[in-house]
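**Q** What follows is a single structure, and I will ask about it in a moment.
Computed from the coordinates by the stated procedures, all read-outs in this text should not be read as laboratory data. This is a predicted model, so every value here is computed, not measured. FYI the Cβ positions are ideal-geometry reconstructions off the backbone, even for glycines, and counts take in every protein chain you see.
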Ligand code: SF4
């Protein structure tokens, strides 16, 4: 997550958007709201944004038929990774509240906390892991552990290098002030956006510098990542009445390197085209729910997202 600070520093993109976003595509404008005749429908952000099914049958099965979405390894893994990024940030805040510039050694502190961070994240989602069927193999679990350790190691070195650099530059340094200035992340957001048709709170992973809305995603790059970030931006605009022009997907991939790969991560303007694409998708999904009709299945299972939790419902596990 702290990688975004480095990205911002290198790109200097924030505030330089040339294209203006139309007011009518802002979350506080009624033209982006769910029409009055569909205002009884509301879904959580992930159900609006995530579309494993070319026919949108997943929405029909889950909402109209009431079938539960099965927990999957990919979803569990994603939650754990998100959680580790945020726990690193919280560990920094608690460490900095009790240290001074003379004894400041955030790198050693975070590395010493590595196991505690992993344990806390895993405890949080233990029931989700237990519900995955078939259960993941010990090798899979060990490999995820290794990936989480890479995240902690990488984040720790990024945070320590930037902070040590800033401390070295000035005569009177205050570590907490430096941390807040450079790693200005709000990770406790809960946005209310009923007009956007969002059920419950919309909870993006972070907002950086009050200007960039961010979400952490792992695994292969998916089109719905962009839809998610636009949904959060519209929710932010409805909730606060303020503009949210930028988004970032902190995309995490793991290779045989010692550090996670973020090569697809960039700070982007959430322009009119992206907003229109999202609103169209939301409209299509709400229409499926309103009609109550089964939209049918694609011609072949090859067209289904392998991560769809309704594979066995639709294809009987045979394909
Ligand atoms: S299994 Fe395939 S057809 Fe069924 S909901 Fe998922 S993507 Fe759609």
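**Q** Using only Cα atoms, what Kirkwood radius does the stretch 190-319 have, in angstroms?
**A** 16.9 Å
**Q** List 120, 113 from most exposed to least, where exposure is judged by having the fewest other Cβ atoms within 10 Å.
**A** Ranked by crowding around the Cβ, least crowded first: 120, 113.
**Q** Sticking with this structure for a sec: Classify the chain: rounded, prolate or oblate, from the alpha-carbon gyration tensor (a ≥ b ≥ c, eigenvalue square roots; a/c under 1.5 rounded; otherwise prolate if a/b is larger than b/c)?
**A** oblate
**Q** So if I restrict to the alpha-carbon atoms in the stretch 48-119, what is the Rg, and what is Dmax, the biggest pairwise distance, in Å?
**A** 20.1, 62
**Q** Please work out whether the stretch 121-268 counts as rounded, prolate or oblate from its C-alpha gyration tensor, where a ≥ b ≥ c are the square roots of the eigenvalues and a/c under 1.5 means rounded, while otherwise a/b larger than b/c means prolate and anything else oblate?
**A** Note, shape of the stretch 121-268 comes out oblate.
**Q** Antiparallel DSSP bridges in the chain: what percent, to the nearest 5?
**A** If I count the DSSP bridges inside the chain, around 55 percent turn out antiparallel.
**Q** With each pseudo-label sitting 7 Å past Cα toward Cβ, what's the residue 266-residue 146 distance in nm, one decimal?
**A** The two pseudo-label positions are separated by 3.1 nm.
**Q** If you don't mind, another one. How are the alpha carbon pair distances in the stretch 21-72 distributed across 10 Å bins from zero to the largest one, expressed in percent?
**A** Final binned percentages: 20, 42, 27, 11.
**Q** To continue, here is another question. Ordered by packing density, taken as the mean number of other Cβ atoms within 10 Å over each peptide's residues, highest first, how do 232-243, 27-38, 264-275 rank?
**A** Averaged packing, sorted descending, gives the order 232-243, 264-275, 27-38.
**Q** Expressed as a rounded percentage, what relative contact order does the stretch 174-319 have, with Cα pairs under 8 Å and six or more residues apart?
**A** Across the stretch 174-319, relative contact order equals 16 percent.
**Q** Looking at the calculated P(r) for the stretch 49-89, what percent of the C-alpha pair distances fall above 16 Å?
**A** Result: 53 percent of Cα pairs exceed 16 Å.
**Q** 7 Å from Cα along Cα→Cβ at both residue 37 and residue 93: what's the point-to-point distance in nm?
**A** Here the modelled spin labels are 4.6 nm apart.
**Q** Next up: For every helix of n ≥ 4 consecutive DSSP H residues, a contribution of -39,500 (n - 2.57) applies; sum these over the chain, divide by its total residues, and give [θ] at 222 nm rounded to the nearest 500 deg cm²/dmol.
**A** Value at 222 nm, helices only: -14000 deg cm²/dmol.
**Q** Go through 292-302, 69-79, 251-261 and give me the packing order, highest mean Cβ count within 10 Å leading.
**A** For the peptides 292-302, 69-79, 251-261, the packing ranking is 69-79, 251-261, 292-302.
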